[in-house]
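Take a look at the structure set out below.
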């Protein structure tokens, strides 16, 4: 475990002072997702979030499948989700109860319509503050921010375009 901890601390230290390294980590996870390797992309995204800004002190990142109970009769399994420290009471051993602070879905042809309609409505109703939809076929990332119970687009990003994350950083 010490080797893993040392490696993690080395990555976190470099991510702290090297913007090009941070961008490279994020680009690698997005590229994997856009190329259709969603499992590697989810793991890399989780690691990216944990490696940047000392995120582990701010919250936890989970990759699916993990049940999220948005309400009594509405359970979803986001691909990646973030629960901030101030909401850690929502984390159970086997699932999450309540709205995560960030949900990331990786759309596939079979789930795209569901992710962009039914899940969007469910996340908005539950009060999920930020929702990203990654579309590997279109090679885009759509950022949505909840305002007054409705998601507003912060943009659809592709290729080399920058993307303002939920932490306000590019």
Flagged pairs (Cβ under 7 angstrom, 6 or more apart or on separate chains; first in region 117-141, farther than 17 Å from residue 81 by Cβ; second at pLDDT below 85 and part of a strand (DSSP E or B)) are 136/106; 139/158; 140/157; 140/158
Please go through region 121-135 and pick out each residue that is modelled with pLDDT of 90 or more and within 16 Å of residue 77 (Cβ to Cβ).
122, 123, 126, 128, 131
Could you tell me whether region 94-113 includes any residue that is part of a helix (DSSP H, G or I), in contact with a strand residue (DSSP E or B) (Cβ under 6 Å, 6 or more places away or on another chain), at pLDDT below 90 and surrounded by 20 or more Cβ atoms within 10 Å (Cβ to Cβ)?
no
Go through region 64-92 and report how many residues are in a loop (DSSP other than H, G, I, E, B), at pLDDT 90 or above and surrounded by fewer than 21 Cβ atoms within 10 Å (Cβ to Cβ).
3
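The values are calculated or read from the model by the stated rules, or taken from the named source; none is laboratory data. All values reported here derive from a predicted model rather than from experimental measurement. Backbone-built Cβ (ideal geometry, glycine too); neighbour counts: all protein chains shown.
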